[in-house]
Amino acid sequence: MKAQQRFRAAIIGSGKVGSVLGRLLVESGHQVLAVISRTPASARKAGRFIGCRNTGVRLDAIPSSVNLVIIATPHDAISSVVEALAAVDHVRWRSVVVCHASGMHTDAVLAPLRKQAAVTFSFHPLQTFPRDFAPQEIVDRARGIYYGVDGTARGIARARRLAKALKGHVVEIPPSMREFYHASCVVASNHLTTLLWVVEKMSAALGFGGRKSMQMFQPIIDATLHNVCMTSPTRALSGPVARGGVETVASHFEAVERVLPDLIPYFLCMTEETMRLANAKGSLTEARASALASLLASYRGLSQRRKEKS
Ligand SMILES: NC(=O)c1ccc[n+]([C@@H]2O[C@H](COP(=O)([O-])OP(=O)(O)OC[C@H]3O[C@@H](n4cnc5c(N)ncnc54)[C@H](OP(=O)(O)O)[C@@H]3O)[C@@H](O)[C@H]2O)c1
């Protein structure tokens with residue numbers, strides 16, 4: 001790689017995202033010249049993982065030769081970090097691109113740096129970086145991901161270059177849809193995790209706790225994800241709701257009510273949404289859809305009465 005094509009980056013915020021993006025940059029032949037965080041130990045730890053010795057807590061440690069700054073602090077710290085960066089005058093901001101990794105903020109939060117002539121863009125890795133996992137456990141899954149971005153045309157062009165350096169892709173998110181986009185990421189990861197927690201609880205009630213619960217369900221989970229991703233949720237849907245198997249669905253509700261009644265609101269909400277999916281698939285007759293709707297209405301009433309009592 002030619003020297004002028006190489007990113008010379010500073011990472012601000014040495015958590016999971018900063019550590020992983022820094023490591024991916026270095027793996028691709030780019031340089032990380034500084035890792036700055038709130039605490040020295042955290043910056044040092046990330047520096048070791050990334051392969052950067054220049055770590056610390058002061059923005060002064062950013063060398064003047066950087067051409068990329070990635071802000072990977074929690075989203076509520078970004079504004080103050082940007083203000084502080086804009087006051088760093090040994091960096092030639094007109095030769096620097098600056099981005100942040102927040103899913104909630106747009107490029108707007110970087111305005112003070114744009115005023116200093118830096119090229120800016122938001123750059124949200126559309127991946128989960130769980131707090132309880134070490135960066136080395138996350139890094140493999142961070143290759144080939146999408147980054148939700150917004151910014152000026154110049155900013156987007158630089159975002160594409162950065163995504164390419166990280167072996168990923170860019171998806172442009174209109175600023176007005178930023179929160180909605182982030183909500184969709186929450187559904188894809190956090191809600192999916194909650195759904196799997198429900199599976200774990202049902203499995204425990206069957207007598208299979210701990211790792212066994214996820215192991216025995218993993219093949220059906222993997223196949224479902226595979227089928228959905230290869231085709232679509234509509235094509236991949238199978239099971240009693242899709243078939244209009246009202247008697248089976250009614251028996252499921254009775255069983256859940258008997259074994260884990262706390263799950264009824266969840267079961268109701270998911271069965272209702274699955275019905276919408278089955279309707280989109282065109283697999284429900286009107287009569288079956290109406291019988292299912294009556295069944296759901298009776299459990300909704302029960303759920304409501306229970307709520308009022310408690
Ligand atoms: N976690 C995810 O799944 C995920 C996914 C996509 C995007 N993001 C976004 O990526 C960003 C980072 O997330 P993360 O999960 O990596 O967070 P994290 O693990 O909590 O790390 C944040 C890091 O920022 C440092 N920090 C906090 N305030 C700072 C400040 N004022 N100046 C410098 N450093 C500061 C913290 O330092 P110390 O360790 O020194 O205290 C910490 O290391 C957030 O904007 C988040 O929304 C997260």
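Side notes on the structure shown:
- Charged-residue dipole, Cβ positions (Lys, Arg, Asp, Glu), the range 129-231 about Cα centre, Debye nearest 20: 420 debye
- With every protein chain in place, the chain: carbon and sulfur % of accessible area (1.4 Å): 56 percent
- Heavy-atom accessible area order for SER294, SER238, largest first, 1.4 Å probe: SER238, SER294
- Whole-number D in µm² s⁻¹ for the range 3-120, Kirkwood Cα-pair radius fed into Stokes-Einstein, 25 °C, 0.890 mPa s: 178 µm²/s
- Exposure rank, largest accessible area first [ARG38, ARG44; 1.4 Å]: ARG38, ARG44
- Among VAL228, VAL20, the order of accessible area from largest down is VAL228, VAL20, computed with a 1.4 Å probe on protein heavy atoms.
- Residue-count net charge about ARG288 - beta-carbon cut-off 13 Å; Lys, Arg +1, Asp, Glu -1: 0
- Rolling a 1.4 Å probe over the protein heavy atoms leaves ILE138 with an accessible area of roughly 10 Å².
- For LYS307, the lysines whose Cα falls under 27 Å of its own Cα, not counting residues fewer than eight places away in the same chain, are LYS201.
- Normalised Debye scattering of the range 74-209 at q = 0.09, 0.11, 0.15, 0.19 Å⁻¹ gives log10 I(q)/I(0) of -0.34, -0.49, -0.80, -1.14, counting only Cα atoms as equal scatterers and leaving out solvent.
- Calculated on alpha-carbon atoms, Rg and Dmax of the range 54-147 in Å: 14.1, 38
- Kirkwood-type radius of the range 163-209, with distances r between different C-alpha atoms, in Å: 13.4 Å
- Scanning residues 5 or more positions from GLY168 or on other chains, those with amide H under 5 Å from its amide H are GLY144, with H placed 1.01 Å from N in the peptide plane.
- For HIS252, solvent-accessible area (1.4 Å; no DNA, RNA or ligand), Å²: 80 Å²
- Net charge over other residues, Cβ less than 13 angstrom from the Cβ of PRO261 (K, R count +1; D, E count -1): +3
- CYS229-GLU257 FRET efficiency (beta carbon distance; Förster radius 30 Å; 0.05 resolution): 0.35
- Stokes-Einstein D in µm²/s, Kirkwood radius over Cα pairs - the range 271-310 at 20 °C with 1.002 mPa s viscosity: 193 µm²/s
- Surface/4 estimate of mean projected area, convex hull on alpha-carbon atoms of the range 165-240, nm²: 7.9 nm²
- Two-site label geometry, ALA205 and VAL187: point separation in nm, points 7 Å out along Cα→Cβ: 2.6 nm
- Relative to the current alpha-carbon distance between ASP76 and LEU277, full extension at 0.36 nm per residue lengthens the span by 68.7 nm.
- Evaluated over the range 111-177, the Cα radius of gyration and Dmax, each in Å: 13.5, 38
- Prolate is the label for the range 157-289, because the ratio a/c of its alpha-carbon gyration tensor axes (a ≥ b ≥ c) is 1.5 or higher and a/b is greater than b/c.
- Accessible-area value, THR285, 1.4 Å probe, nucleic acids and ligands omitted, Å²: 80 Å²
- Taken over the chain, the ratio of Cα radius of gyration to 2.2 N^0.38 Å equals 1.25.
- Within the listed set ARG243, ARG92, ARG141, the Gaussian network model of the chain (springs between alpha-carbon atoms below 10 Å) gives the highest mean-square fluctuation for ARG243.
- Around PRO74: net Lys/Arg minus Asp/Glu count, Cβ-Cβ under 14 Å: +2
The values are calculated or read from the model by the stated rules, or taken from the named source; none is laboratory data. Treat the numbers as computed from the prediction; the structure is a model and nothing was measured. As a convention, Cβ positions derive from the backbone with ideal geometry for all residues, glycine included, and neighbour counts pool all protein chains shown. Side chains included, ligands, DNA and RNA excluded: accessible areas come from the protein's heavy atoms. Shrake-Rupley method; radii C 1.70, N 1.55, O 1.52, S 1.80 Å.
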